[in-house]
Each structure stands twice: as structure tokens, then as C-alpha cells.
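Working notes, beginning with the structure itself.
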Amino acid sequence: MSSDRIPLTVIGGYLGAGKTTLINKVLNGDHGRRIAVIVNDFGDVAIDEMLLEPATGGIRALANGCVCCAAVDGLATALEDIAALRPAIEHLIIEVSGVGDPWAVAQWGRTPRFDLDGVIALADAVTLPRWLADVYVGDTVRQQLAASDLIVLSRRDIASPEEIRTAEESVAAASSAPILESVDVVLDMLLHPRAAGQAPSRAHAEHSSITFVPPRVGRDRATTWLDAAPLEVVRVKGFASTGEMMLLLQRVGRRSEVVPRLGLESPRVTVIAAVPTLPASVEEWIDSLRE
Amino acid sequence: MSTIFLARSLHAIDAAASGDAVAVDEGRITAVGSLAELRSALPNATVDDRYAEATLLPGFVEAHSHSMAGGMWRHLYVGFFDNRDPAGRLWLGCKTLDAVLDRLREAEAALDDPNETLRAWGLDPIYFSGDRLVAEHLDRVSSTRPIFVIHASLHLATVNTALMEREHINADSLADGVPKDGAGHPIGELQEPAAMSLAGEGFTGMFRALMAPEGITDYGKLARNAGVTTVVDLGSGPIASDSIATMWQQVVNDPAFPARVSVFHNPGQGGPASLDEVAEMVVRRRGESTDKLRFGGVKFVLDGSIQGYTARVTEPYINGKENGLWLVPPAQLEDWIRPVLDAGLLLHVHCNGDQAADVLIDAFAKVTAGSPPADHRTTVQHSQLTRRDQYERMAELGMCANLFSNHFWYWGDQHVDLTVGPERAARMNSAATVLELGIPLSIHCDASVTPLGSLHVAWCAANRQTVSGRVLGPDERLDVAQAMHAITMGAAYQLRMDDEVGSISPGKRADFVALDADPFVVGAEGLRDINVLSTMLDGVEQSVG
């Protein structure tokens, strides 16, 4: 799936929620994708052993084709530098500081060289309720959750069932975004966005996906269809043709977007559901686009 | 060979000496006293009477302003209050939206290249009781020339239809910061940097001018015109890259540059992300300091502004907004300030709201564990809503306060009516409490947020008067001596430069300001009407533009 714009994913969340762990997985992964990451602190990212060449202009190139960048001259400059890289970057991830407003950063995804791909918040299942009750940052953490499209409740493995329940209730009180049980869906979104042609539904441990060729569809119809996605659907991305132009169709969590985009892509849409096998309701919904 | 400068009156500020004459040799002060005393002590000295009709004070010291205040003047001023440009020209405030449009029209007509973007700054709709500047207004100035007007907060810009057409800002522009009308068309407002960047060269051209060498040169002129001989650039940008540090050196070390500058590093604006690396870098830069250019300070910003409702407050704003924004995670602050203090660097932290001050005071107390480093001079910057109980803790910890007293004039009425209400507005910038508790005090302008003017901020701290005539918290007013101390020795102390500047004392640099009236004679009410005649830097006159 390509266009002249770089998809941008914003990763937010308060301290200790696992942002760095997620980013290390992307930067260490043998995924063959050229991903750029703007990080807050190089010191937290395990890149030393992967370092291909020393930093130039704040950008460090890694052996697997990814680049890592600290916004030394501000975010605007870093974005300009990343957009200018050749070969072109396929996906950009921005890590927001612990108190940063992810939605404000996400607005850079609405500038001419980028396409906002989603705002994902990571929340620590053990400490989240404590941070939400914190007199200093409670409101900040609540706003971060409210501004996110998807929320990953991390560290479930060390949390008690009681802690997980409390954390899930806290998230639901702050945000209408779907809660994911692990970062696997996020990694799948970032690292394997491109299915070769039409792909049958695939099953994973915690999620399932399908890629199909959409029929010709008008902009309004595409919007209504996206908005009607079943609750299990956490992600839709792809291109569809109106007959006259190409549309970029995107849904992350509960937020949908349909915009005209220049590009030579062929029509193809991938849907991810946060359940191990694709439910019949999702297949029916996909079929409804053909009606 | 000494020169004795004779003044009509002279105030040494922090020195025991009194008199009407000061002796200068090789740019240093050698003696202060009466003309007769100095003549008999220095029989070979020349007497210079150019200040015989003037009042001499130590050159003013401004410990919280930003160099972008100079570069701003590369663009058209459309602010509400009267303001003077680097050349000394007075620009009357635009009191209505129509006045803003008239000024834009005049400037538009004077541009030769029809494609050149007209850029303006300083607009603050908070004074226009609800009236909002939109593209439709600017289209009345020109339907063909792109226009970009940045608001005083720097968080918002208004552009015209010609600019939107050039940059393809239209119904499909999705950014949240691009408000649309009922028909889905952008109204011309661009909110926050991502949306403002849609203005392309209109936006980048504005900020490029702020960081250019010419802008810093103009900053020096603004300082000189205000009687300031030592000015800070309080963390406007990173100094990590050699190209930026070299630019500062070339501009400020030039003998023609009329002020000393202390340049702070703000890690929030770029540079190394790890605070250990920041400390190491600033220590290295400190070694590159000269007589006129100083490195060695680090500035953090904890919260936003009160008039922008982004300061972190303990009680909600009176318009119902719960609280403001953090720029540093409170739980990380200890790890941020430790390397700075361990390296012996000067630490200044922006805390507008009292909740931000709480976080800083707690972090400082923990990091220093009951025994703060000797002579650390850690300064709470703005400190506008800091409470008495917080000042008591600051006094114990040896922290300093630099207050934003100009707020009484520029936003005092808005603070009573719109932001924090009468009770908190009355204890804002409580300078008398600071002094009563023995905390080192300074007061500042935060240019370009308000115009650089030491006598104006002294007037504000001594009168606490709003535009509508209210006096907020009269018990917190400073007397003239206290106000003059705050804009000289008080600020020099917080910049660790009080051994060199800030008073007319033997051994210090011959940095003076010559005034057309004596602050101690005109009294608190008249401070802002005093004119600066010239300044002297190392004994060399800097004539006011």
C-alpha cells in the first residue's frame, strides 16, 4: 500500500507503559520495512549494537533499514528531514513524551507529506489506576486515553485478574477506544501492512485479519460503511476507487477517515479484528460494501 | 588613565558608597563618591560631564527574555499595546480589529513584490471582547497577496484566502487546528504548530527570521533602548550545535553589539535528549564564554501560561477549565535536574502555576536531600501564582524567584475577570512576600511576550495597577529602592553575574544606564515615564536608537 505520503503512527502513554519496549521491537525486527522512529531519548532505545553509521543531523541509520531520530532541532525539522530521506521511509512512528498530548502531535499526520495512521496509547495495567488518581498527572493521563484510537493494556502477565479488571474499567471510563490485550495487533499493523493481493482471513493468537479487493465505491458510501464496522474491528486500511479517483480508507479504533489520494495503488483493503478468528459479522459487513 | 563621570545624581544600588561621580579605568569602576573626593584621590583623571544633567544607575539586568523579541520586528507589529522597535520608532497599539486591518493595508501597499507574503505579529484577541480575526477580514486587506498574522501566544495564526489558495488549505484539510465554517470551508485560523505549518513558507519564513543573526542584533538594540546592559536569552533554542553557538559568538562578541548576553540552553527545544549529555554539553559551552557572551545556564519549562489557561494550577480556572499542561512529566523532574545541579550549572525553571512550583520545590528538595549545594541560585521563573507556604519552603532551600510583574498591566484585568479571579490575581507575583522571606528577587518582561522595558516592569511591581485602574494586592507593592534593586542586582545575582555587574561598585564593569529623571525623585508612580538617554558598556557609550 503506497502513496506519496508517509503513514504516521503516534505512540503515547504515561511513564513505564512499555512504549520503549514496543519501539525496540520495531527497531530490532527483521521485518524488511523501512520505518522511521522519532524518540524522546536515545538512551532508552537499544540501538547501539544495530548502529550502522553515526548520527547525522540527529538521524541514526540502523542495519535493518530503519532510522531512529531524536528531534534535536524540534519536531518540525525532524519531520522535514525524515520526509526527505531516500529511499523513502515507509512508515513513521512518533513516540510522545509521558505528558505529551498525542492528539496534538497526530495533527502532523494531516500535513501534506504524511497520513495519520492512528494514535495508540499504552497503559500499564498495574500502575494505571494509580496514575489516574495522581493529583499532578491524573487529568493528563485521562486526556491521553481519551485522545487515542486504540489502547493497549500492557503488563497483563504480571497483573492480577483484579488489577486487570480495575484497569479496564478505568480505561473505559476515560475513553471509548477499544482495549487491546497486547501489542501484537499494533506490531502487525506496523510491520505487516501489506498482504500480497487478496488474502484469506488469517488467524493469530489474539487477532485475525483479511485483505480483499473492494468494489468501486463513492466517498459518502465508503464513509457510511466504515462507520458501520462491527465492534471487533480495530483497524481498516486500504484504497478503493470511485471510478474517477482513489480514496484512502482508514479506521483505527472508532475513528474513520476517507480522503482522496493521488497514487497508483490498486484497490485493496485490509481489516483487522481483535479476536482470534474472523467473526461472521465482519464477513457480512465486508460483503455489505458490494451491495 | 581614569575618567571621572559626573552625574546630576547617581545610585550605586548595592554599594555603601554614595555620591554623584564614578571613576572608570580600562572599562572597570575604580571609585564612587563626590566629585571633590574623586578629584583629590585621582588628580590625573579627566572629568567627563556628559551625564551632568542625567541620573546614573548600574545598567539594568533582564533575567527572563528571549532573543526572538528582536527578530519579531522583521514582521509587522499589530499588537494592542504601544511598542518600540529596535530603531526606537514608536508603534501605537492597534485597539480594534479595524485598526489592525488599517495597519496591514498600509504595510501591504508598501510592498513591491506582489507575491511576497505579508507577515504580522502580536495580535491578542483577548482584548477584543470576543471578536475573532478570520480570513474574511484579511481578504479586505488583499485578495491576491498571501497574509499570515501570528497571535501573541505564538500558538495560533490567521491567514487570508490568497494564502489558503496558494497552500491548498481547503475543505479537505483535516487538521484539527483548521476550524471550518458551516459550509465546511476553513475560516482562516490555524491552531498549533502542525496546522500553522500548512501555511508553508508563510510559517517557516516567520520563524526563520526569529533565529537569524539580524534578529539577535536587533535584540541587543531593544535591550540597549531599555537601559539594559546585561540580558538573558532564556532558553529560546538549543545551543548544542556548533553552528548556533558560533552564530551567538559572532553576533555578541562583535564590539558593536550593545549588551552582554547570558544564553541558556533549553533541552525542550532540542539538543541531546539525555540530561547527562546536556550537562556535559553546557559545561563545554561554558568554557567558550567571553566578557560579553555567557553560557552555563539550563532552563526547563514545566507548564504553560495563565492567560492561555495552560499553567498548572492547584485550583481550577474560573472559566471552568480544570487545569493546564505539563511540559515535563513531574515524576521525571528529579532525574532531569540532578545532572544539572551535579555539574554546578545554573538551573532556572519556568513555573507559572502554583502546582508547577510544588513539583519543582519537591523535586529540588529530594535531589538535594536536605543539603542544597552552596550558592546554587536555582530560580523559579515567572512564579506568578506561588503561594506563601511555597515561598517559605523556597527560602529554606535557598531558591530564588524571578517574577513576571508586567502581567498586572498587560493581563491584570483579564486575570481578575477571566482566568484566576480576584483573590488569586491579588496575590500574583507577590514580590513583597518574596523579600520579606529573604528570597533573592528579580522581575522580568519575558520579551517578546511583553515589550522589553526594565523601568516598565519596575513600575508594575511598584504599583500593581491594571489597564482599567485596579490595584491588585496593594500590600505586595515594592518601594522604589526594592524595584530598582530587582532590575539590577537582583537579576545579576540570579545570573551569577553579581560579582561583575548589577551595581556601581569599585572593581565591577563600568556598565551604566543614564536616565533623564531620577527614579527616587519621581517616585513609584512615575517610573515608567522616565526616558533612557544612553547606556555604557565597559565604559563605552551605547547611544540609544
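The values are calculated or read from the model by the stated rules, or taken from the named source; none is laboratory data. The shown structure was predicted, so the numbers you read here are calculated from the model rather than taken from an experiment. Counting neighbours? That spans all protein chains shown, and the Cβs are built from the backbone with ideal geometry, glycine included. Accessible surface is based on the protein model in full, side chains and every heavy atom, while ligands, DNA and RNA are left aside. Shrake-Rupley method; radii C 1.70, N 1.55, O 1.52, S 1.80 Å.
Considering only region B:213-222, I want to know if a residue exists there that is hydrophobic (A, V, I, L, M, F, W, C) and more than 22 Å from the chain's Cα centre (by Cα). Checking region B:213-222: not a single residue is hydrophobic (A, V, I, L, M, F, W, C) and more than 22 Å from the chain's Cα centre (by Cα).
Does A:Ile59 meet the test of being under 25 Å from A:His192 (Cα atoms) and within 14 Å of chain B (Cβ to nearest Cβ)? Write out each step before concluding.
Numbers: under 25 Å from A:His192 (Cα atoms): yes; within 14 Å of chain B (Cβ to nearest Cβ): yes.
When the stated conditions are applied, A:Ile59 passes them.
For region B:194-209, the tally of residues that are surrounded by fewer than 21 Cβ atoms within 10 Å (Cβ to Cβ) and under 16 Å from B:Val178 (Cα atoms) stands at 1. For the residues B:Leu293, B:Leu341, the requirement of being more than 30 Å from B:Asp538 (Cα to Cα), modelled with pLDDT of 95 or more and away from chain A (no Cβ under 14 Å) singles out B:Leu341. So, in region B:175-205, of the ones that are polar (S, T, N, Q) and either over 20 Å from A:Asp101 (Cα atoms) or free of Cβ contacts under 8 Å to residues at least 12 places away in the same chain (or both), which residue ends up nearest to the other protein chains (Cβ to nearest Cβ)? Step by step, filter region B:175-205, then rank; the result is B:Ser197. If you go through region B:460-500 and keep only what is buried (at least 24 other Cβ atoms within 10 Å of the Cβ) and assigned to a loop (DSSP other than H, G, I, E, B), you end up with B:Arg464, B:Leu478, B:Leu495. Which of the residues spanning region B:344-368 are within 14 Å of chain A (Cβ to nearest Cβ) and either open to solvent by 50 Å² or more (accessible area, probe 1.4 Å) or touching a helix residue (DSSP H, G or I) at 6+ places or on another chain (Cβ under 6 Å) (or both)? Across region B:344-368, the qualifying residues are B:Cys351, B:Ala357, B:Val359, B:Ile361, B:Asp362, B:Ala363. Against the list (1) closer than 22 Å to B:Gln465 by Cβ; (2) surrounded by fewer than 16 Cβ atoms within 10 Å (Cβ to Cβ), the condition B:Leu527 fails is (2). The set of residues in region B:266-290 that are modelled with pLDDT of 95 or more and of a type outside the set (A, V, I, L, M) comprises B:Glu280, B:Arg284, B:Arg285, B:Arg286, B:Gly287, B:Glu288, B:Ser289, B:Thr290. Of all residues in region B:17-47, those satisfying the criterion of being surrounded by fewer than 19 Cβ atoms within 10 Å (Cβ to Cβ), under 36 Å from the mean Cα position of the chain (by Cα) and more than 19 Å from B:Arg509 (Cβ to Cβ) are B:Ser18, B:Ser34.
Filtered by the rule that a residue be assigned to a loop (DSSP other than H, G, I, E, B) and touching a helix residue (DSSP H, G or I) at 6+ places or on another chain (Cβ under 9 Å), region B:1-45 gives B:Ser2, B:His11, B:Ile13, B:Asp14, B:Gly19, B:Asp20, B:Ala45.
Among the residues of region B:399-429, which ones are among the acidic types (Asp, Glu) and open to solvent by less than 30 Å² (accessible area, probe 1.4 Å)?
Within region B:399-429, B:Asp413 is the sole residue that qualifies.
Here B:Ser534, B:Ser442 are screened, and the one residue that is buried (at least 24 other Cβ atoms within 10 Å of the Cβ) and under 21 Å from the mean Cα position of the chain (by Cα) is B:Ser442.
Only one of the numbered conditions (1) farther than 26 Å from B:Gly287 by Cα; (2) touching a Gly at 6+ places or on another chain (Cβ under 8 Å); (3) of a type in the set (Phe, Trp, Tyr) is violated by B:Tyr219, and that is (1).
The set of residues from region B:238-275 being touching a helix residue (DSSP H, G or I) at 6+ places or on another chain (Cβ under 6 Å), open to solvent by less than 10 Å² (accessible area, probe 1.4 Å) and either within 12 Å of chain A (Cβ to nearest Cβ) or more than 18 Å from B:Pro213 (Cβ to Cβ) (or both) comprises B:Ile239, B:His265. If you filter region B:316-337 down to residues that are surrounded by 18 or more Cβ atoms within 10 Å (Cβ to Cβ) and closer than 23 Å to B:Ala374 by Cβ, you find that the one that is farthest from the other protein chains (Cβ to nearest Cβ) is B:Ile337. When region B:296-315 is filtered for residues that are open to solvent by less than 20 Å² (accessible area, probe 1.4 Å), within 12 Å of chain A (Cβ to nearest Cβ) and either of a type outside the set (A, V, I, L, M, F, W, C) or not in a loop (DSSP other than H, G, I, E, B) (or both), the ones remaining, listed by number, are B:Asp303, B:Gly304, B:Arg312.
Give me the residue from region A:100-137 that is more than 8 Å from chain B (Cβ to nearest Cβ) and of a type in the set (D, E, K, R) and, out of that set, surrounded by the fewest Cβ atoms within 10 Å (Cβ to Cβ). Applying the filter and picking the extreme gives A:Arg130. Can you tell me which residue is nearest to A:Asp188 (Cα to Cα) among those in region A:83-99 that are buried (at least 20 other Cβ atoms within 10 Å of the Cβ) and within 14 Å of chain B (Cβ to nearest Cβ)? Result: A:Leu92.
The set of residues from region A:224-266 being under 16 Å from the mean Cα position of the chain (by Cα) and among the hydroxyl-bearing types (Ser, Thr, Tyr) comprises just one member, A:Ser256. Tell me whether region B:220-237 contains one or more residues that are on the phi < 0 side of the Ramachandran plot, within 14 Å of chain A (Cβ to nearest Cβ) and outside any helix (DSSP H, G or I). Checking region B:220-237: at least one residue is on the phi < 0 side of the Ramachandran plot, within 14 Å of chain A (Cβ to nearest Cβ) and outside any helix (DSSP H, G or I). Pairs linking a residue in region A:71-82 that is within 7 Å of chain B (Cβ to nearest Cβ) to a residue that is open to solvent by less than 20 Å² (accessible area, probe 1.4 Å) and modelled with pLDDT under 75, with Cβ atoms under 6 Å and 6 or more positions apart or on different chains, are A:Val72/A:Gly58. Just checking, does region A:138-157 include any residue being without any contact (Cβ under 8 Å) to a residue 24 or more places away in the chain and away from chain B (no Cβ under 14 Å)? Yes, that holds for at least one residue.
Collect the residues in region A:169-180 that are surrounded by 17 or more Cβ atoms within 10 Å (Cβ to Cβ) and over 15 Å from the mean Cα position of the chain (by Cα), keeping them in residue-number order. Within region A:169-180, A:Ser170, A:Val171, A:Ala174, A:Ser175 qualify. For region B:140-174, the candidate set comprises residues that are in a helix (DSSP H, G or I) and within 14 Å of another protein chain (Cβ to nearest Cβ); within that set, the residue that is most open to solvent (accessible area, probe 1.4 Å) is B:Arg166.
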